[in-house]
Amino acid sequence: MPAHLPPDHLGLYIHVPFCARKCRYCDFPSRPLGGDREIVEHYLRALAREAALRRREIDRPVHSVYIGGGTPTMLAPAELARLWDEVVASFPLLQDAEVSLEANPGTLTAEHTEMLAALPVTRVSLGAQSFLPAELAMLGRLHTPEDVEESAGLLRAAGVPALNLDLMYGLPGQTVAGWGESLRLALALQPEHLSCYSLIIEEETPLKAEIAAGLLTLPDEEEEAGMTALTARLTAEHGLARYEVSNAARPGSECRHNLGYWLSRDYLGLGPSAVSCIGGLRWRNVNGAGDYAERIAGGMPAVSFTERLSGQSRLLEHVMLGLRLCEGFDLAAAEAECGCELRSGSLGALIDGGLLMRNGNRLCLTPAGYPLANQVVARLMVNADRPA
């Protein structure tokens, strides 16, 4: 079963904060790189130094690695190889560790894919987002649908074991039929994994401003529900089983790194804006790549925020994240770990109401409960403060 990770699972996330251009929906901590290769040198040097410092605090092997951004393939192949040698390889990795890397069509070259195949990269995630040119232009993406197909072909030819495609639905002006066309074209590339995310309109983005001004219109709830239903049907027809709200995979190709987040396992983040959480202690690095590199170079900590999670906070996260998984999570194990429990009254009412289902110790949302997930979690956590 995909949601069964060992309790000591440790994920390593490495942030690459560079991109070709900010997309119109993006509020991620990233910056257009342009021709400024000097900042890449400073960043890689700082990243290696932070890795060396954190390595001393790690007492077990890394189970999964995720190199994200930004756009990691904005780095030249030699720079990516250096990142591997000086950062990733400085940690002990399990022999069968999952290693994922994000890439954008249009920035991925044959030289990139040949280098990735020479490293133990097991999974590349392509940010396709849409296969319709008008939607790509509205989102501010630089690539074309043909670029996605070309990038997928390069990865297949190089022998990278698994391909994920990221898609977005609920876009301004999008119809169920248009979403179905994008989805069918993505599935025709036979990805091992597919991530389909409903668009979130972030503050301080050009897309938000145009929607607020009435220049763009979002699909209504009925249309978006139709897109969600179509996604479930088409992915199942192509042999991909949904295992999380937004993710489907062929059996055995589920993303172990992301499962670590959803199952509240420990993770270490390196680079600007990266978040870590180990043993109930969470910290976050400063956002800017320049600030991050300067702090590390000056011997100062890059950490901007630290908190010790209470038992109740940890249980809240177990519930919020674990209920994203189609098969749910082990409630009894989470309560024992966090030292508090859910009141049986709230739990029973939600089960009787058809929003939750319990199978032994496992708790999961029903199909009727998925659209109401936030309300379900809020009701469960009202009294989650008794000692377990």
### Query
What single numbered condition from (1) in contact with a strand residue (DSSP E or B) (Cβ under 8 Å, 6 or more places away or on another chain); (2) farther than 19 Å from V160 by Cα fails to hold for E86?
(1)
### Residue check for F329: loosely packed, with under 15 Cβ neighbours inside 10 Å and closer than 24 Å to Y66 by Cβ
no
### Query
Just to be sure, is G252 under 22 Å from the mean Cα position of the chain (by Cα), in the same structural domain as R49 (by TED's automatic domain parsing) and not in a helix (DSSP H, G or I)?
yes
### Task
Mind telling me which of the residues M138, M168 ends up being touching a residue at least 24 places away in the same chain (Cβ under 8 Å), within 30 Å of E223 (Cα to Cα) and assigned to a strand (DSSP E or B)?
M168
## Note on the structure
(1) farther than 20 Å from V245 by Cβ; (2) assigned to a loop (DSSP other than H, G, I, E, B); (3) modelled with pLDDT of 90 or more all hold for E327 apart from (1)
### Query
Are there any pairs, at least 6 apart or on different chains, whose C-beta atoms fall under 6 Å, with the first in the stretch 199-223 and touching a residue at least 60 places away in the same chain (Cβ under 8 Å) and the second part of a helix (DSSP H, G or I) and of a type outside the set (A, V, I, L, M, F, W, C), and if so, which?
I201/K208; L216/E210
#### Entry: In the stretch 171-201, residue farthest from N247 (Cα to Cα) [restricted to those that are hydroxyl-bearing (S, T, Y) and outside any loop (DSSP other than H, G, I, E, B)]
S182
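The values are calculated or read from the model by the stated rules, or taken from the named source; none is laboratory data. In this text, all values refer to a predicted model and were calculated from it rather than measured experimentally. Using ideal geometry, Cβ is built from the backbone for each residue, glycine included, and neighbour counts are taken over all protein chains shown.
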